[in-house]
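Step one of this worksheet: look at the structure below.
The values are calculated or read from the model by the stated rules, or taken from the named source; none is laboratory data. All of these numbers come straight from a predicted model, not from anything done at the bench. FYI the Cβ positions are ideal-geometry reconstructions off the backbone, even for glycines, and counts take in every protein chain you see.
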């Protein structure tokens, strides 16, 4: 099944939801004009990331005003739109969420980021379930940023039938991390590795720019099951688009040779994990 995917690389305006929705709308319309079926924008793209004590004020229910606006963009362009926002959950819970709107403008899913990086756990309530969505193009797995670091989690989504993993992220760096070799290039290579080791397509939309003294890494990309980059944008705002065959004879032939899933030694891994836990 053929699908066209676009990733938006966005420089979010810190704390200004309206300004960010206008930016997102502009890029979604550009992607729609390119025939996109799926469009992804970055983690917390509607608010920016370092909003600190404004988190609760910027949080919204889902569905709510922001998902309604995103739904209008999706419907106007007849595509699936996914991106990050702060979701107001039950009680005092706040979630780092990736929402998904359908081509008819309806809310399809809201995925709560499961893996909390560093001090995120002081602000956000982590999700407890992976999310895989059925679409007319195939099954799609939803992820946010740090989730991508955990290969067993991505593998779990693939074992649930995902043939496309979508990731909204904000990989960041400072001078020390840059000196240690952490970069947008490395982040994109990790995305390509997740695609290769699972035999699936993967699209990662990253933030760009500087926020609260941290530089976002960019290097948004769309990766093939071979680990090849089909499209990417390294620096600055923009979109990258690729048309892919999520299911095809060619990729089936690839998977017959690159038999990574059937070659797993689950019994061995369980034994090693058990010994490690026991130790």
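Those residues that are surrounded by fewer than 18 Cβ atoms within 10 Å (Cβ to Cβ) and at positive phi, I need them from the stretch 172-200; list them, please. Within the stretch 172-200, just 181 meets the criteria. Among the strands (runs of 3 or more DSSP E) confined to the stretch 65-175, the ones with at least 3 residues that are within 21 Å of residue 45 (Cβ to Cβ) and in contact (Cβ under 8 Å) with a residue 60 or more places away in the chain are located at 80-88, 138-144, 164-169. Go through (1) within 27 Å of residue 217 (Cα to Cα); (2) in a helix (DSSP H, G or I); (3) modelled with pLDDT of 95 or more one by one and return the number of the condition residue 36 breaks. Just one mismatch for residue 36, condition (2). Checked across the stretch 245-258, the condition of being in contact with a helix residue (DSSP H, G or I) (Cβ under 8 Å, 6 or more places away or on another chain) and closer than 19 Å to residue 166 by Cβ holds for at least one residue.
Identification of strands (runs of 3 or more DSSP E) wholly contained in the stretch 198-240 with 2 or more residues that are more than 11 Å from residue 7 (Cα to Cα) yields 208-211, 214-217, 229-233. Inspection of the stretch 87-94 finds a residue satisfying the criterion of being closer than 22 Å to residue 140 by Cβ and either exposed (fewer than 15 other Cβ atoms within 10 Å of the Cβ) or modelled with pLDDT of 95 or more (or both). When the stretch 16-44 is filtered for residues that are touching a helix residue (DSSP H, G or I) at 6+ places or on another chain (Cβ under 6 Å) and either under 19 Å from residue 87 (Cβ atoms) or buried (at least 24 other Cβ atoms within 10 Å of the Cβ) (or both), the ones remaining, listed by number, are 21, 28, 39, 41, 43.
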